[in-house]
1. Select from the range 297-325 the residues that are assigned to a helix (DSSP H, G or I) and more than 31 Å from the chain's Cα centre (by Cα) and write down the one among them that is surrounded by the most Cβ atoms within 10 Å (Cβ to Cβ).
2. Considering (1) surrounded by 16 or more Cβ atoms within 10 Å (Cβ to Cβ); (2) at pLDDT 95 or above, say which one Glu283 fails and leave the rest.
3. Report, by residue number, each residue of the range 351-366 that is of a type outside the set (Lys, Arg), surrounded by 14 or more Cβ atoms within 10 Å (Cβ to Cβ) and more than 27 Å from the chain's Cα centre (by Cα).
4. Is there any pair with a first residue in the range 125-143 that is assigned by TED's automatic domain parsing to the domain that holds Arg102 and crowded, with 17+ Cβ neighbours inside 10 Å and a second that is of a type in the set (Phe, Trp, Tyr) and part of a helix (DSSP H, G or I) whose Cβ atoms are under 9 Å apart and which are 6 or more apart or on different chains, and what are they?
5. Out of all the residues in the range 336-374, which are out of contact with any helix residue (DSSP H, G or I) (no Cβ under 7 Å at 6 or more places or on another chain) and in a helix (DSSP H, G or I)?
6. If a residue has to be within 18 Å of Pro67 (Cβ to Cβ) and more than 22 Å from the chain's Cα centre (by Cα) to count, how many in the range 119-148 make the cut?
7. Run Gly218 past the list (1) in the same structural domain as Leu64 (by TED's automatic domain parsing); (2) on the phi > 0 side of the Ramachandran plot and report the number of the one that doesn't hold.
8. In the range 161-184, what residues are surrounded by fewer than 18 Cβ atoms within 10 Å (Cβ to Cβ) and either modelled with pLDDT under 90 or among the small types (Gly, Ala, Ser) (or both)?
Amino acid sequence: MVEAGTDGATRGGMDDRVIRSPRLPGGDLVAAVLDREVMGLADRGGASNLVGDRWADLCADHALAWPNCERPVPDGGDEGLRVERVLRLDATPAVAAAASKRGLQNPDLLLVGTRGGAPTLQAVDAKFSVETARAKQVSPAVVADLLGLRDILPALFGDLGRDGQAPAVVPGVFLCPDYPLTHLMLRRRHGILRTTVRPEEVVLLPAPADRFFAPVEGASVMPPLAAIDDLPMRLDESLLASLYYFRLARAAVGCWLDATKPLLLVDDRPVVDEAAVRTEAKERAAVATSAIALVRGWHADVQMVRAARAAVDQVTALPLLGRDLRALVQRLAEESGGDPPSINQVRRRVGAWYRRRLRERVGPLLPPVADLPATLRELARIGAEIAPLVETEAARVTRDLMTGTARRTTGPVPATAGDDA
């Protein structure tokens, strides 16, 4: 099922599947986009989440036109769903929180309408990669479970099912980009995973390459990377090419962040200087034989900084064994007659407190550190001074969590040995 519109990936008769170059991993665009090394490097810079979020936004924008229209239902029937309103569940944090707490799945959109004159609901999920779609994610059972949240989220679900007539729920669909890789995956010829959904469960939407990545952080790093490979197509003509170079751009962002953020992280939320990343990419491009070679070299150059950060994390690990913390929490819970809080939650909060105390003494440790061994010895010395206070802080945090007065811990604090899964 294809929505009206044109896909910039095939404009002018260009077929992404036959774009081959020795500069691409695997030798062609499809292989390059599916390359595991490329995806791993890209996700160090958060590429997958950014692509998924962008596609969800585009799908939600497209769905604004659906009220008063008939939408397909993949159950073999002749009649579709006449949409009255569209609920965007993925943009409502309370839905995700409530669903997660109860072990429920929540699709991106919920269509409310009628079919054959009867009130009807349908789940719709945005999937940039159709191979990750599973029919159960948009099944009637998922919608029925979500309706159990009506009392918790009345503003969202309104009066659905409250009049004594439970709405019918029909099988849902997935919204995927209409570009060559989706078609290849649906024919089960390409992909990291095996595509399991049927073509009738997929609605293909236009995904114009010229505007897909434009507003996403890192997009300005794509052109200098693409210029190295000099493929016979423009980025604004091919979503497949844009996806490949966006992944490399986010890999570059990840390298830049790893090279610049503090070695002693506590409450830091590093901000990307996209202009700085682009400038360094252009400098590296002058001697790079391919875009992937540039990223591989950058990744290798930053490994020493990553190793230094890992060494700092090891030295600043919370000096309290998991079994000792668990015993402390359990004892305090028994003494108070309450339920013990999560061991992980206690450890995260105490670990953040411990690292803040260290950071007050040595600062953030911005790379490169002139004498890392001396710095590690100093951290160990200061940690030994603070260590006697850790159990007292752990007890305070545990009591606060049991009474609901604990302050929320912010910032990325590395996991340490002894954490519960």
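1. This residue is Leu325.
2. Among (1) surrounded by 16 or more Cβ atoms within 10 Å (Cβ to Cβ); (2) at pLDDT 95 or above, the lone unmet condition for Glu283 is (1).
3. Passing the criteria: Trp353, Tyr354, Leu358, Val362, Leu365.
4. Final answer for the pair search is Ala126/Trp55; Lys127/Trp55; Phe128/Trp55.
5. Asn344, Arg348, Gly351, Ala352, Arg355, Arg356, Arg359, Glu360, Pro373, Ala374, listed by residue number.
6. Qualifying residue count for the region: 4.
7. Just one mismatch for Gly218, condition (1).
8. Within the range 161-184, Gly161, Arg162, Asp163, Gly164, Gln165, Ala166, Ala168 qualify.
The values are calculated or read from the model by the stated rules, or taken from the named source; none is laboratory data. Computed from a predicted model, the values in this text were never measured in an experiment. Here the Cβ is made from the backbone with ideal geometry for all residues, glycine too, and neighbour counts use every protein chain on show.
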